[in-house]
Each structure stands twice: as C-alpha cells, then as structure tokens.
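See below for the structure under consideration.
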Amino acid sequence: MASSKDHVLAGAPGECCMRTVQHIGVPRGIAEEIGGINTYISHSPEKQDKYDQIILFFPDVFGPFYINTQLVADYFAGKGYLVVVVDYLEGDPIQANMGKPGFELFHWAGPKRDRAYELVPKWIEAVKARYGKSTTKYAALGYCFGGPDVLECATSDWISAAAIAHPAFLNEEHFTTVKRPLFLSCAEIDITFPRDARHRAEEILVEQKAEYHFQLFSGVRHGFGCRADPEVPRDKWAKEQSALAILSWFDRFCR
C-alpha cells in the first residue's frame, strides 16, 4: 500500500502539454555538449566571462531547442544570468513524435522521465565543473516535465533558489524534502496540477516551514509559461509576469 508521501500532486503530461503557439524571435544562445549531453547555452551579453549566477533550466516536453524555450532562456540571460538548458529528451522532443502512427503520450513520457533522472545529476556536475567557482550561485528553473528536477535540486544546500511553472510528475514527497526557497507559477486551468493539489502542496510547505511563494493566474492554462498565445492579451501578460516574478525571486536569493 502506498504511503501518503507517494500521493500524486502533479500528474504525468497530458494533452495540454502538447498544445503550443510557436513564438517568433532569433535565439541568442548556442548549442554545445556539457557532460556529453546537448545543452542550449545563453550568455548574458554583458557577462561573457563571468558566471556569478547560473540558472539550470529544465524544459518542458518541447525541449531546449524549441524557439519558445530558447527565447525564455534568453530573457533570463539578458538580465545577467548564464542560462543552461539541458536536453534530457536526447534529441527526441514531443514535436518530433506528434502525428506519428500509434504515438501515445503516456508511453513516451514515462521512459523519458526515467531517463532524465539518470542524465540530470551528471549534467549538473558537468555544468559546475565547466562554469562554477566557489562564489557561484545557482538557481533551478523548470517548466512542466522539468518540475521533479527542480524539486530535487531544492533538497540541496548548493542551490540558492528554485522555481517551477505548471509542473508535472510531482508527488507529496517532493515537497516534504524542500530545503531551499521555492517559487511556484501556476495556471488556474490545469488538470496536471489542479487546485486541490496546489493547496496540498502549500499545506506541506507550511508544515515544513519552507520559504515559498505561489503565483496564480486566472483564466490561463497549463503551459502558459513557455507556450502562451501572444495574440491573447491575458495569456501574453501572464507569461510575461511569470518570467518577471521568477526573475525577481532569483535576484532576491542569488544577487
């Protein structure tokens, strides 16, 4: 019989995780391998050789080389952070599979998540080895699929701050072990991380006396943080405010 710690709060990615409106822009970052894993790297224009603050970015199922993800990474890089976005999907993002005969999201997502658990620790150590120094402050940022990786980072003292937006694949234990400041950017319409789950996550964080902040947007759906429709004013505003608030959270603990 499962313990209460196994109780699911954020489920596996669903159909909402496959919906997107592709954004327009020119990515500023580059693609390189870090620890043998493809990575999108976005440098701060003013800090090419200084890595005092690094954001470890864990993307949604569209991966690090989707234009929407890259533009979000570039936003944080433009504010003074080195941003590294891991390709734990190993060149096989959701958009490469949609429309294939017999494709089932659930059967794709589970093995991908298991593989990500294997890849992320060695990738983090490789990022630290390449860019880190004794004074470096790290922040962890995750959207949807990347939620568990952020919560895992938040159990460790080396992370200064963590943030997740409309997460997936989380259970109660992820929240009972949080040690570091955690920001949650949430959508009102989200079957993956619904209202009851949000409230339960809050209860756990209160019980743990954690440092946390919830941000909730009415009328927007799961995925708004990276894939909002810029032609819908409410959704565009929510996406922008989410990024701005996450930046403020990171600045508070990493500057």
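A few notes on this one:
- Between Gln241 and Lys209, full extension at 0.36 nm per residue minus the direct alpha carbon distance yields a gain of 8.9 nm.
- Annotation for region 187-255: GluC sites (Glu not before Pro) lying in DSSP loop with at most 11 further Cβ atoms inside 10 Å of their Cβ are Glu231.
- Percent of beta bridges antiparallel (DSSP, the chain, rounded to nearest 5): 30
- Between Lys209, Lys100, Lys79, the GNM of the chain built on Cα springs shorter than 10 angstrom shows Lys100 fluctuating the most.
- Take the Cβ atoms of Phe106 and Leu216, set R0 to 25 Å, and the FRET efficiency comes out at 0.40.
- Counted residue by residue at 0.36 nm each, then reduced by the alpha carbon distance between them, the extension gain from Arg19 to Glu118 reaches 32.9 nm.
- Of Lys133/Lys239; Lys79/Lys236; Lys133/Lys179; Lys133/Lys209, those spanning more than 25 Å from alpha-carbon to alpha-carbon: Lys133/Lys239; Lys133/Lys209
- Estimated from helices alone, the mean residue ellipticity of the chain at 222 nm is -11000 deg cm²/dmol (sum of -39500 (n - 2.57) over DSSP H runs with n ≥ 4, per residue).
- The Cβ shell under 10 Å around Pro121 holds other residues with a net charge of -3, Lys and Arg each +1, Asp and Glu each -1.
Quick note: the coordinates plus some simple rules give every number you see, no bench work behind them. Please read these numbers as outputs of a predicted model, since none were measured by experiment. Neighbour counts are summed over all protein chains in view; Cβ atoms, including those assigned to glycine, are modelled from backbone coordinates with ideal geometry.
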